[in-house]
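See structure below.
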Amino acid sequence: MANRKKKGRDISGILILDKPLNISSNRAVQIIKRLYGAKKVGHTGSLDPLASGVLPICLGHGTKVSQYLLASDKTYQFTMRLGQTTETGDVEGNVVLERKVPDITDSQLLVLLEEFTGDIQQVPPMYSALKHNGQRLYKLARSGQVVDRPARAVTIKSLVLLSKEADSLTLEVCCTKGTYVRTLAEDLGEKLGCGAHVTFLRRIKTGPFGLEESVTIEQLESLKGDWLGLDKQLNSLDLALQEYPEVSCSAEDVSNLCFGRQVQMNELDQHSLIRLNDTNGVIFGLGKWCEGNYLAPVRIFA
């Protein structure tokens with residue numbers, strides 16, 4: 001049977017969505033796919049329904065750079081309620097333990113936050129999408145099961161106190177891929193001796209993209225049917241790859257690289273990933289340095 005062609009517009013780019021509360025990342029993707037009438041759409045690391053903020057959504061060839069955005073550092077602002085531990089580490093779960101909140105001085109907090117800055121070990125929460133013997137942990141948790149989860153190394157680049165109330169702290173954290181903010185809040189709460197859970201979570205940055213580049217679903221809905229207006233909201237693929245060096249390729253080089261052939265170049269960056277630009281300065285793929293100053297294709301976008 002012949003493969004059925006996907007219907008929709010063949011459009012590429014990266015949309016920086018300010019995801020609202022109470023919808024899943026997959027639901028956000030479906031909304032964007034409908035609004036843009038796009039053939040292919042995907043996100044770059046999900047946000048829980050109870051979290052809002054920066055969610056890069058990749059359209060068309062943009063999906064080919066999603067793995068690099070997925071691996072980028074993330075920055076969150078979050079509020080943790082002290083004195084209560086919940087099943088899920090956030091307000092969605094039932095309270096399982098209540099303890100008195102101790103008097104905490106600013107200097108004590110600064111010492112604590114410093115302790116959690118840098119390379120740390122985290123045990124992933126049971127209520128997560130990680131798998132154990134082929135099953136999602138959150139499904140096991142909902143059936144009442146608790147299984148051992150090996151600790152994982154993550155890096156907290158910065159952890160800053162924004163405000164303090166009698167029973168809550170609001171913090172900003174910049175962290176590497178795989179960090180669970182819920183777990184961070186729980187671990188901080190345990191160190192304080194009173195437990196904690198997340199009541200507010202907003203992602204303000206993913207890689208090079210922040211809230212200032214984001215658009216809301218309401219803004220996009222107002223442009224429904226206006227393809228030009230919608231397309232102006234898209235960012236180019238190379239903006240997601242600014243941390244990598246770039247090289248300009250001749251028309252012959254472009255042809256060879258697109259056919260999977262290596263090309264020799266002088267003064268080539270010895271880097272595992274290099275942005276490939278065509279004669280118009282438009283990115284068409286990613287390459288890497290090879291012995292002898294050869295440039296080899298890694299991923300071709302078009």
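The values are calculated or read from the model by the stated rules, or taken from the named source; none is laboratory data. Note that the coordinates shown come from a computational prediction; the quantities given were computed from them, not determined experimentally. In this analysis, Cβ positions are derived from the backbone assuming ideal geometry, glycine residues included, and neighbour counts consider all displayed protein chains.
So, residue 172, is that one of a type in the set (D, E, K, R), assigned to a helix (DSSP H, G or I), modelled with pLDDT of 75 or more and in the same structural domain as residue 115 (by TED's automatic domain parsing) or not?
Details: of a type in the set (D, E, K, R): yes; assigned to a helix (DSSP H, G or I): no; modelled with pLDDT of 75 or more: yes; in the same structural domain as residue 115 (by TED's automatic domain parsing): yes.
Judged against the criteria, residue 172 is not a match.
Kindly indicate the residue of region 1-21 that is assigned to a loop (DSSP other than H, G, I, E, B) and touching a strand residue (DSSP E or B) at 6+ places or on another chain (Cβ under 9 Å) and also modelled with the lowest pLDDT among those meeting that condition.
Initially, region 1-21 is screened for residues assigned to a loop (DSSP other than H, G, I, E, B), giving 1-8, 10-12, 20-21.
Checking the rest, the ones that are also touching a strand residue (DSSP E or B) at 6+ places or on another chain (Cβ under 9 Å) come to 8, 10-12, 20-21.
Values: 8: 86, 10: 89, 11: 92, 12: 91, 20: 97, 21: 96.
Selected residue: 8.
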Checked region 195-230 for anything of a type in the set (A, V, I, L, M, F, W, C) and not in a strand (DSSP E or B); matches are 211, 217, 220, 223, 227, 228, 230
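If only one of 222, 214, 158, 163 is under 26 Å from residue 32 (Cβ atoms) and loosely packed, with under 15 Cβ neighbours inside 10 Å, which one is it? Let's see the steps before the verdict.
Details: 214 fails: loosely packed, with under 15 Cβ neighbours inside 10 Å; 158 fails: under 26 Å from residue 32 (Cβ atoms); 163 fails: under 26 Å from residue 32 (Cβ atoms).
The conditions single out 222.
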Within region 195-211, residues at pLDDT 95 or above, surrounded by 21 or more Cβ atoms within 10 Å (Cβ to Cβ) and of a type outside the set (Lys, Arg) come out as 195, 196, 197, 198, 201
The correct count of residues that are in a helix (DSSP H, G or I), free of Cβ contacts under 8 Å to residues at least 60 places away in the same chain and surrounded by 15 or more Cβ atoms within 10 Å (Cβ to Cβ) in region 231-288 is 6
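Within region 255-270, is there a residue that is touching a Lys or Arg at 6+ places or on another chain (Cβ under 9 Å) and either at pLDDT below 95 or over 30 Å from residue 37 (Cβ atoms) (or both)? Spell out the reasoning first.
Our first condition is that a residue be touching a Lys or Arg at 6+ places or on another chain (Cβ under 9 Å); within region 255-270, this holds for 255.
Checking which are either at pLDDT below 95 or over 30 Å from residue 37 (Cβ atoms) (or both) leaves us with 255.
Yes: one or more hits.
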*Are any of the residues in region 124-140 crowded, with 16+ Cβ neighbours inside 10 Å and at pLDDT 75 or above?*
yes
